[in-house]
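What follows is one structure encoded as structure tokens, with my remarks underneath.
Just so you know, all these numbers are worked out from the coordinates, no wet-lab data involved. Small disclaimer: the values here were computed from a predicted structure and weren't measured. Note that each Cβ is placed from the backbone with ideal geometry, even for glycine, and that neighbours are counted across all protein chains shown.
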Amino acid sequence: MNIKEYVKIQAEKCENAVMKEIFIDLVDTFYPKPVKKTVTTSYSWNPVSKETKTANDNFYKRKVRIQNMPNGKPSIGLINADGFDIKLPKKELLEWVLCDEQGVTYYYGLNRVFFKTKDSRIVYMVNKNNYNAHKANVETIRDYVLKDGEVIEVTE
């Protein structure tokens with residue numbers, strides 16, 4: 001008789017409760033019970049609705065549209081993960097420079113000033129039509145934020 005058989009017999013016939021539990025644990029280690037594996041043979045495919053995807057997708061929430069670019073064509077930008085600068089195509093960057101008390105955020109890049117209102121995903125360029133509404137902030141950016149040699153162009 002080997003040890004495994006002895007442990008199995010003692011697990012069945014031992015009268016001491018503590019020793020019986022020890023022998024039962026040893027039987028479980030010597031003779032492990034097979035684990036049942038469940039296999040799913042049918043899969044159901046449900047397409048994800050567009051609303052669910054866009055509502056939970058952080059990448060979608062960071063996209064912004066730059067409305068009037070200097071070249072006249074609108075462009076798509078991506079706000080950095082930190083929530084400040086905006087990356088543009090061709091490795092261009094709009095740098096965050098100022099945010100006023102009304103929630104308007106100002107960006108500087110391409111020698112121009114851009115602004116985005118609170119809770120908006122459209123970024124506009126400061127031009128001659130809207131310059132008077134943003135004059136104080138543009139002058140503040142020009143005087144205190146820009147480095148020597150950087151200029152702000154205001155076009156139509």
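On a 18 Å Cα-Cα criterion, which of the cross-link pairs LYS4/LYS33; LYS90/LYS135; LYS91/LYS135; LYS87/LYS128; LYS8/LYS37; LYS63/LYS87 come out too long?
The answer is LYS90/LYS135; LYS91/LYS135; LYS87/LYS128; LYS8/LYS37.
In this simple spin-label approximation, VAL39 and TYR131 carry label points 7 Å from Cα along the Cα→Cβ vector, and these lie 7.5 nm apart.
Counted by Cβ distance under 13 Å from ALA136, the other residues give a net charge of -2, where Lys and Arg count +1 and Asp and Glu count -1.
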